Structures are given as C-alpha cells and as structure tokens.
Amino acid sequence: MNTQISDPSRVLPLLEALPYIQRYAGQTFVIKYGGSAMEDESVVRNMLQDIVFLAAVGIRPVVIHGGGKAITQRMKEAGVVARFVNGLRVTDSVSIGIVEEVLNTVINPGIVQMLKGLGGKACGIRGQEVMKGHRLPPQFDGVQSVDLGFVGEVAGRIVTGK
C-alpha cells in the first residue's frame with residue numbers, strides 16, 4: 001500500500017487541526033445548519049464532508065437544521081401565505097403541518113442521505129422526539145399584538161433510548 005502523499009501542502013491543514021482534534025475528540029458538537037448555507041450545492045457538500053471528517057476523528061456531530069425556504073415554497077404551493085413578525089414565522093395549525101412535513105420527509109432525510117453518501121453514519125430524528133417546547137407570548141408587530149401560534153422556545157429535552 002502506497003502511503004505517500006502526492007501533495008504535501010494537503011498535510012498542513014491536518015497538522016494545524018491536530019491540537020483541536022486531540023482536544024475535542026469524544027466531545028459532542030451541535031451544528032446549526034440553515035439559511036443560505038442550504039441553497040448552494042457546493043457549500044452543502046463541503047459542510048457535510050466536514051461533518052463526516054469530524055466524526056472520523058472522534059468528534060460526535062449533531063446537526064440541527066432549518067428549512068425555511070423549502071417551507072415557504074411548500075406553503076405557497078398549498079396556497080398558504082407565509083407571515084413573519086419580528087423575523088418569526090406565524091405558524092397556525094395548517095402551517096405547522098406543512099413545516100413538519102417538509103422537515104421530516106424532505107429536509108431531514110435528504111441530509112441523512114447525503115451524509116451517508118459521503119461515508120458518514122447518520123440517522124434522522126424528528127425534533128418532536130427530542131425536544132420539549134413552550135409557545136412564545138404574542139409579539140407586537142408595530143401595530144398590534146400577534147399570536148405566533150406554534151412558534152416557541154426549547155424548554156427541555158425528552159430522554160429517549162436513541
């Protein structure tokens with residue numbers, strides 16, 4: 001087996017990363033993935049390759065993802081108008097159904113499939129299975145108080161055997 005590296009300059013980033021790899025091996029990294037980072041295929045691939053690398057060197061990555069643009073598109077297709085107050089999506093019972101469907105059947109499985117395709121080990125877990133939340137109070141939009149519906153904050157975790 002040939003173990004020579006054809007381009008020695010590729011070794012430098014690994015040597016620079018080695019102290020961090022040693023320091024954080026065995027630790028869990030929570031990675032928030034969303035927004036424009038989900039739109040560019042090359043950015044997506046590079047980020048997911050980095051996540052597979054982290055796992056390969058003993059760091060346990062956990063990816064928390066969004067899906068705002070895909071959710072807005074699906075709502076539009078369903079004839080539901082997306083409304084935002086102070087940057088938060090107003091989420092009624094119809095909207096939350098669309099949100100859950102897009103995240104649980106499109107975005108999450110897509111990320112898992114890409115990670116596996118890059119040689120990683122991944123499983124998708126729905127947010128409802130691991131987090132407890134509570135609704136946010138109504139928000140003032142500059143004119144009136146608006147109930148945000150199902151929009152909330154994480155209030156705890158659900159302990160599971162996963």
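The values are calculated or read from the model by the stated rules, or taken from the named source; none is laboratory data. All values reported here derive from a predicted model rather than from experimental measurement. Here Cβ is always computed from backbone atoms with ideal geometry, including for glycine, and neighbour counts include all displayed protein chains. To get the accessible areas, we keep the full protein, side chains included, count just its heavy atoms, and leave off ligands, DNA and RNA. Shrake-Rupley method; radii C 1.70, N 1.55, O 1.52, S 1.80 Å.
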Closer than 28 Å to ARG157 by Cα, surrounded by 11 or more Cβ atoms within 10 Å (Cβ to Cβ) and in contact (Cβ under 8 Å) with a residue 60 or more places away in the chain: which single residue out of VAL52, VAL63 fits that description? VAL52
Is one or more of the residues making up the stretch 47-66 closer than 22 Å to LYS121 by Cβ, part of a loop (DSSP other than H, G, I, E, B) and either among the aliphatic types (A, V, I, L, M) or touching a Ser or Thr at 6+ places or on another chain (Cβ under 7 Å) (or both)? yes
Inspect the stretch 122-135 for any residue being open to solvent by 80 Å² or more (accessible area, probe 1.4 Å) and either closer than 20 Å to GLU41 by Cα or among the polar types (S, T, N, Q) (or both) and give the result as yes or no. no
With ALA155, ALA78, ALA70 as the choices, which residue is open to solvent by less than 80 Å² (accessible area, probe 1.4 Å) and modelled with pLDDT of 95 or more? ALA78
Between a first residue in the stretch 30-47 that is free of Cβ contacts under 8 Å to residues at least 24 places away in the same chain and a second residue that is loosely packed, with under 13 Cβ neighbours inside 10 Å, which pairs have beta carbons less than 7 Å apart while being 6 or more apart in sequence or on different chains? ALA37/VAL43
Filter the stretch 86-111 down to the residues that are farther than 14 Å from GLY66 by Cα and among the hydrophobic types (A, V, I, L, M, F, W, C), then identify the one that is most open to solvent (accessible area, probe 1.4 Å). VAL94
Qualifying residues in the stretch 29-42 (those that are more than 17 Å from GLY127 (Cβ to Cβ) and loosely packed, with under 10 Cβ neighbours inside 10 Å) - the one modelled with the lowest pLDDT: SER36
Could you grab me the full set of residues in the stretch 79-117 that are in contact (Cβ under 8 Å) with a residue 40 or more places away in the chain, over 25 Å from VAL143 (Cα atoms) and among the polar types (S, T, N, Q)? ASN108
